[in-house]
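Remarks on the structure that follows.
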Amino acid sequence: MESGRVHIVGAGPVGLMLTALLQSVEGLSVHLYEKRQDYKRTRMVKLASYLVADSLESYRTDHIDGGNIDAIFDLPELEEGLAFRRAIPADLMALLQELSQGFCPLNTIERSLSNLIDARSSNTVQRTSTAMTAQNAEAMLAPGDILIDCTGCRSLLRNHLVPGHDEAVGGDNTVSIRLEYAIVITFLYGQQYVCNEYCKYHKNVENTEYKFIPAVHRTFYDGNISHVTGIVNITAEDYELMPSQFDGQWLRENFPGIARSMDRFIDKIKQETHGEVIGDLEIVRIPLVLYRARNATSRAWRSGEFNDHPFAKSPVFLLGDSAIGSPYFQSISLGFECATYLAGLIAQRDLPMDEMLGRYEMHTYKQWVRVYMRSKMIKLNKDLFEIIDQPDALLEKLHIY
Ligand SMILES: Cc1cc2nc3c(=O)[nH]c(=O)nc-3n(C[C@H](O)[C@H](O)[C@H](O)COP(=O)(O)OP(=O)(O)OC[C@H]3O[C@@H](n4cnc5c(N)ncnc54)[C@H](O)[C@@H]3O)c2cc1C
């Protein structure tokens, strides 16, 4: 039934990861489509250590995530995930181990995966430089081909996976929850610097609003240089008044209250560790949103009524930000995790299509529940932290029974 042709649209980190996983599967020919000419996104991102876990214990080390994993996944599912991870080719696993050591520029992840794919002697990947359209994606499919949409948060196919639910009629294949608005402030600091929850508290003591919160594990050492990334919660009105990217000077001139909080925090780092900020601050404003595709596959096209549609004869999957988006630096890891699972399914060449679609839907849903639970817990902790010295406000937020 399967043709062996796999089309991956979007060569961002997740599309490249899936390509690198499938490249060495016997009998598959992988076609990778990308519209960008070069990898230019330099923002620092962090991969989760569970991506390279070689045991169930090391998969569950995050203290918020660990309990959720036990609640959501059955043991055989976790063991299957482990088996899929153990099947990751050695060169790719070595690269993941290196990349998950600490912060990395996003384009370092993209370039190193891309180079790994090109350098392999069994390079069977055909790359096409194009901005794919949904119509072209449908038209290129031969029955039994597999199509995977890795085109990011503005997914090419999310609104085409359910008959009748295309963009023209509103495209409601997305569940979206906005957690907060925030600015993300990144800078280099010329000393080693570690920040735990005590540090976050004491350096924010005088900040009654706009607390500066370096995310947990958000610093890593590059010799004596630390990369610091902090989140500051802002209001919807603040968000509307800010450009999408700006520097420290713009913040000081236009939002002195936020700048004072941030500067107080940075001054305390300096007093403690006697270093200096290197260069300027890079700041982006972002809505922190959790979302998922209600349907992450083309399963809905496979009822008798739509038998002739290309998506009924060829399985289509959403992967990475195309399927699920999450804040607090979790998304790429989640995309890589789902890519490993999907590659594990595709590698089972005799797996019936309906079973493959059903298992991927279920897995994606469980990963969504996992990231939803962890994100809500982080958000609640952040909210409580904002009012930690105001007992009445704190009690108002607490729901103990
Ligand atoms: C400020 C900021 C900080 C972040 N920090 C982190 C972090 O620390 N950790 C983390 O895990 N995540 C982080 N993220 C999120 C992370 O960047 C995304 O989750 C990740 O890039 C998603 O990867 P992806 O491959 O699914 O999609 P994308 O990175 O969006 O890649 C999609 C690719 O598809 C291509 N494409 C799109 N449409 C088409 C088309 N029609 N035809 C051909 N090609 C197409 C695009 O050019 C692109 O190359 C951060 C995001 C922001 C904004």
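The values are calculated or read from the model by the stated rules, or taken from the named source; none is laboratory data. Computed from a prediction, not measured in an experiment: that's the story for all the values here. Please note: Cβ atoms are built from the backbone with ideal geometry, for glycine as well, and neighbour counts cover all protein chains shown. Note: areas computed on protein heavy atoms with side chains; ligands, DNA, RNA excluded. Shrake-Rupley method; radii C 1.70, N 1.55, O 1.52, S 1.80 Å.
Structural remarks
- Odd one out for Ser55, checked against (1) more than 24 Å from Pro13 (Cα to Cα); (2) open to solvent by 80 Å² or more (accessible area, probe 1.4 Å); (3) among the polar types (S, T, N, Q): (2)
- Taking the listed residues Asp321, Asp350, Asp392, Asp383, the one that is among the charged types (D, E, K, R) and either surrounded by 20 or more Cβ atoms within 10 Å (Cβ to Cβ) or touching a residue at least 60 places away in the same chain (Cβ under 8 Å) (or both) is Asp321, with no other qualifying.
- Evaluated against (1) modelled with pLDDT of 95 or more; (2) within 11 Å of the ligand (Cβ to nearest atom); (3) among the basic types (Lys, Arg), Arg5 falls short on exactly one condition, (2).
- Only a single criterion out of (1) at pLDDT 95 or above; (2) within 26 Å of the chain's Cα centre (by Cα); (3) more than 14 Å from the ligand (Cβ to nearest atom) is not satisfied by Ala300, namely (1).
- Criterion (within 18 Å of Leu22 (Cα to Cα) and within 16 Å of the ligand (Cβ to nearest atom)) met by exactly one of Leu147, Leu157: Leu147
- Residue among Val232, Val316 that alone is open to solvent by less than 40 Å² (accessible area, probe 1.4 Å) and over 23 Å from Gln135 (Cα atoms): Val232
- Ala259 being among the hydrophobic types (A, V, I, L, M, F, W, C), farther than 26 Å from Gln191 by Cα, free of Cβ contacts under 8 Å to residues at least 24 places away in the same chain and in a helix (DSSP H, G or I): no
- Pairs linking a residue in region 23-37 that is closer than 17 Å to Leu92 by Cα to a residue that is open to solvent by 40 Å² or more (accessible area, probe 1.4 Å) and among the hydrophobic types (A, V, I, L, M, F, W, C), with Cβ atoms under 8 Å and 6 or more positions apart or on different chains, are Val25/Ala347.
- If you check Val25, Val30 for being of a type in the set (A, V, I, L, M), assigned to a loop (DSSP other than H, G, I, E, B) and under 23 Å from Ala119 (Cα atoms), only one passes: Val25.
- Filtered residue count, region 313-341, keeping only those that are over 20 Å from Asp172 (Cα atoms) and more than 8 Å from the ligand (Cβ to nearest atom): 11
- Any chance Phe385 is away from the ligand (no atom under 16 Å from the Cβ), closer than 28 Å to Tyr210 by Cβ and in contact with an Asp or Glu (Cβ under 9 Å, 6 or more places away or on another chain): yes
- Test: residue in region 277-295 that is touching a residue at least 24 places away in the same chain (Cβ under 8 Å), in a loop (DSSP other than H, G, I, E, B) and under 23 Å from Ala137 (Cβ atoms): yes
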